[in-house]
Amino acid sequence: MPLPLSSRTGRGRPLSAGPRRRTLLASAAGTILLTGCTDTGSDASGKRPGATEQARARAATDSGELLNRYDAVIAAHPALAERLRPLRTEVARHTKSFGGDTGKPKATASASAAPPAAAPEVPADERAALAGLADAERQLADARRTALVDVSGEEARLFASVAAAGDAHAYLLSEAGR
């Protein structure tokens, strides 16, 4: 025969027949966390369809322009080539990770292809050229952080990582110019 509820005790206080408050709170919190992390395949964030693709395309274009800027500085200041080559390589990887083209225009490209971007102007002074690259890296890193609101999940991690790399490049370029 079961004992009446009042005679059940635990640690000096009577136990209730139902679940404890802590158990309910933990279950509720766990449910919220699990549903918040579940990918349902739909855009529950309210973001418009294609926003990720547009952000990636813009990021690829911006990285390609930065890559052209590195190439222009290296062409104008060959003495900086060894110092800039690792940073340029990283920018090329970023361009590729966003789906951009890192190669030179092919001779077999169709006439309908977009014309290659004009080489940016490069200051005659090496320090000013490095400062220009550092500014371009900072601006692009800021643009990546701004784009985070348009992407989610793995894409957001990519944008954040590339923004952090851009900040590091800007720092290295600023230090190199001193």
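The values are calculated or read from the model by the stated rules, or taken from the named source; none is laboratory data. Source: prediction; values computed, not measured. All Cβ positions, even for glycine, are placed from backbone atoms using ideal geometry, and neighbour counts span all protein chains on display. Ligands, DNA and RNA are excluded from the accessible area calculation, which covers all protein heavy atoms including side chains. Shrake-Rupley method; radii C 1.70, N 1.55, O 1.52, S 1.80 Å.
Scanning the stretch 79-91 for residues that are over 18 Å from ARG157 (Cα atoms), touching a helix residue (DSSP H, G or I) at 6+ places or on another chain (Cβ under 9 Å) and open to solvent by less than 60 Å² (accessible area, probe 1.4 Å) yields a total of 5. Being open to solvent by 50 Å² or more (accessible area, probe 1.4 Å) and modelled with pLDDT under 95 is a property that holds for SER110. Just name the residue that is nearest to GLU65 (Cα to Cα) out of those in the stretch 144-154 that are out of contact with any Phe, Trp or Tyr (no Cβ under 8 Å at 6 or more places or on another chain) and assigned to a helix (DSSP H, G or I). Ranking the qualifying residues of the stretch 144-154, first place goes to THR146.
Residues checked against (1) closer than 15 Å to LEU67 by Cβ; (2) open to solvent by 70 Å² or more (accessible area, probe 1.4 Å):
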site	(1), (2)
GLU126	no, yes
ALA129	no, no
ASP142	no, yes
ALA156	no, no
PHE159	no, no
ALA163	no, no
GLY166	yes, no
LEU172	no, yes
GLU175	no, yes
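Which residue is least open to solvent (accessible area, probe 1.4 Å), if the candidates are limited to the stretch 47-78 and must be assigned to a loop (DSSP other than H, G, I, E, B), closer than 19 Å to ARG145 by Cα and free of Cβ contacts under 8 Å to residues at least 24 places away in the same chain? Applying the filter and picking the extreme gives GLY50.
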